1. If you take the residues in the range B:84-101 that are more than 16 Å from the chain's Cα centre (by Cα) and under 20 Å from B:GLY42 (Cβ atoms), which one is farthest from the other protein chains (Cβ to nearest Cβ)?
2. Could you check A:ALA81 against (1) within 14 Å of chain B (Cβ to nearest Cβ); (2) part of a loop (DSSP other than H, G, I, E, B); (3) aliphatic (A, V, I, L, M) and say which number it fails?
3. Among the strands (runs of 3 or more DSSP E) contained in the range A:33-73, which hold 2 or more residues that are open to solvent by 30 Å² or more (accessible area, probe 1.4 Å), in contact with a strand residue (DSSP E or B) (Cβ under 7 Å, 6 or more places away or on another chain) and at the interface with another protein chain (Cβ under 10 Å from one of its Cβ atoms)?
4. Might you let me know whether the range B:71-92 holds any residue that is more than 16 Å from B:ASP57 (Cα to Cα), open to solvent by 60 Å² or more (accessible area, probe 1.4 Å), part of a loop (DSSP other than H, G, I, E, B) and among the hydroxyl-bearing types (Ser, Thr, Tyr)?
5. Is there a residue in the range A:85-104 that is over 30 Å from B:ASP10 (Cα atoms), of a type in the set (D, E, K, R) and modelled with pLDDT of 95 or more?
6. Considering only the range A:102-112, I want to know if a residue exists there that is more than 10 Å from chain B (Cβ to nearest Cβ) and under 28 Å from B:MET40 (Cα atoms).
Amino acid sequence: AQKVTQAQTEISVVEKEDVTLDCVYETRDTTYYLFWYKQPPSGELVFLIRRNSFDEQNEISGRYSWNFQKSTSSFNFTITASQVVDSAVYFCALSEALGGSNYKLTFGKGTLLTVNP
Amino acid sequence: DARVTQTPRDKVTEMGQEVTMRCQPILGHNTVFWYRQTMMQGLELLAYFRNRAPLDDSGMPKDRFSAEMPDATLATLKIQPSEPRDSAVYFCASGLGISGRVNEQFFGPGTRLTVL
């Protein structure tokens, strides 16, 4: 069965610190996709990134970067120079094939990041 | 910009009452998902529609929950009768399903349901 583990339940940092959120996954699919979503205090889930299993290149978007390591089944997320606005719950998710071209997402339990001024 | 909309945003009801939650997916999206979020269970998939047809509702308690898509612009999730354990935030998400590709899902703001 698909499984996504976000071992860090809560992380607290001071503004401008770098922080890495861990995500480890288990899957039997040979082709799969990984996602990160952000859920700020307002409650809405915001899509951050999608990565397919064939693309192991790291990605950087502004202060955000993602490190995909297929060998260790990890897809970690780093925020550089954190800001108070980064405070949110961050979810890692994994696609699961349902047959045909259909799929669903399995979400981790989330990591609550608090950035203090 | 295009967003998934959900109504109502908040709903307080008494045990035994019927609850209907509505979702308008992003225009052009052909997949719709219903999720439930609780502190204990996290985000759970309840139902999944593709081109308005239900594909997976294995996560949904069948005796009291039902999900439908009467047309491409409306998805509904109904609970009848509601119970206190149904208290949660219910999210609708939509996406563009393309063969051979898994695209991101865009989430609505959620409906916070409280059953007393």
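The values are calculated or read from the model by the stated rules, or taken from the named source; none is laboratory data. Just so it is clear, the structure is predicted and the values come from calculations on it, not from any experiment. Cβ placement follows ideal geometry from the backbone for every residue including glycine, while neighbour counts extend to all protein chains displayed. Accessible surface areas use protein heavy atoms only, side chains included; no ligands, DNA or RNA. Shrake-Rupley method; radii C 1.70, N 1.55, O 1.52, S 1.80 Å.
1. Taking the candidates together, the pick is B:PRO84.
2. (1)
3. Output list reads A:46-52.
4. So far as the range B:71-92 goes, yes, one or more of its residues are more than 16 Å from B:ASP57 (Cα to Cα), open to solvent by 60 Å² or more (accessible area, probe 1.4 Å), part of a loop (DSSP other than H, G, I, E, B) and among the hydroxyl-bearing types (Ser, Thr, Tyr).
5. No, the range A:85-104 has no match at all.
6. Among the residues of the range A:102-112, at least one is more than 10 Å from chain B (Cβ to nearest Cβ) and under 28 Å from B:MET40 (Cα atoms), which makes the answer yes.
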